[in-house]
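The structure that follows is given in the form of structure tokens.
The values are calculated or read from the model by the stated rules, or taken from the named source; none is laboratory data. All figures in this text were calculated on a predicted structure; none of them were measured in a lab. With ideal geometry, Cβ positions are generated from the backbone for all residues, glycine too; neighbour counts draw on all protein chains shown. Ligands, DNA and RNA are stripped out before the accessible areas are found, and what is left, the full protein with its side chains, is counted by its heavy atoms. Shrake-Rupley method; radii C 1.70, N 1.55, O 1.52, S 1.80 Å.
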Amino acid sequence: MAGNADFRLLQFDSYESYLTSFIRTEDYRYLSSMTPVRRLVRLGYRSTARVYEEAEFNKIRAKMLEFMNPKVLSSVHYSDYFKGTDAALAALMRREEPNLLNQLSTIIFLQVRQRSGFDISGYIDYQKSLHDCTFRKPDHTNWRAVFEGRELLKPKPTDLSYYDWHKGIVNITNSDNFESIKGRDSLIFKHKGDHKLIPVCAKPAQYGENVNRVMILSELYGFIILYDHVIR
């Protein structure tokens, strides 16, 4: 925490207000619009201190909030809004609290057909996705709406893995919990906490004791696969 600690960020509600804090009165005399002034701030012309990019600002501020109030993550349970019968959502409901308490780390795989008729698929770090929703990070999944059945869970380009079957777009990304590794035959995720490897292949014999793989038939999502890793 010490390396990324910047408690100044807690006083700002948004990235725009953070940039505005660097602006001086005389800046308005030469530039009539806030947009070019903020652009100068990003480039470091208005401060000798380091100016964070938006993604870095959001990430560090979220960590500060978690550090100051760690109970907020375990007190918010979006699955409390689940009143339906879908098997996939019921399984995620049972896994929410263990993920928030760092007892379990679940990776979700699903393939979703879009309105265009083409599919997208991906692997989602469940705990990170819940955290992103709690801290209202950009492009977060609305988990309350997902559990209420008002929105469908969909992979995003920022998830561990994302594949757009029509456009041929492939993204592989690390998360706070997992490092994504391209294996010879399939993806492998390494948990950053205990460094255990989580293969996501179709050969259960390769899973070992690091992960429990569960395939669930869902009325909403078809088949989804959950990879449950017990954190050690």
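Given the conditions (1) surrounded by 16 or more Cβ atoms within 10 Å (Cβ to Cβ); (2) modelled with pLDDT of 95 or more; (3) among the hydrophobic types (A, V, I, L, M, F, W, C), which single one is not true for residue 87?
Of the numbered conditions (1) surrounded by 16 or more Cβ atoms within 10 Å (Cβ to Cβ); (2) modelled with pLDDT of 95 or more; (3) among the hydrophobic types (A, V, I, L, M, F, W, C), the odd one out for residue 87 is (1).
From the set of residues in the range 1-27 that are open to solvent by 90 Å² or more (accessible area, probe 1.4 Å) and touching a helix residue (DSSP H, G or I) at 6+ places or on another chain (Cβ under 7 Å), which is modelled with the highest pLDDT?
Quick first cut of the range 1-27, residues open to solvent by 90 Å² or more (accessible area, probe 1.4 Å) only: 1-2, 7-8, 11, 13, 24-25.
Still in the list and also touching a helix residue (DSSP H, G or I) at 6+ places or on another chain (Cβ under 7 Å): 1, 7.
Numbers: 1: 43, 7: 71.
The qualifying residue modelled with the highest pLDDT is 7.
Tell me which residues, restricted to the range 96-145, are among the β-branched types (Val, Ile, Thr), modelled with pLDDT of 95 or more and under 26 Å from residue 15 (Cβ atoms).
Once the filter is applied, which keeps residues that are among the β-branched types (Val, Ile, Thr), modelled with pLDDT of 95 or more and under 26 Å from residue 15 (Cβ atoms), the range 96-145 yields 124, 141.
Can you tell me which of (1) more than 20 Å from residue 198 (Cβ to Cβ); (2) in contact with a helix residue (DSSP H, G or I) (Cβ under 8 Å, 6 or more places away or on another chain); (3) surrounded by 17 or more Cβ atoms within 10 Å (Cβ to Cβ) is the one residue 120 doesn't meet?
For residue 120, the failing item is (2).
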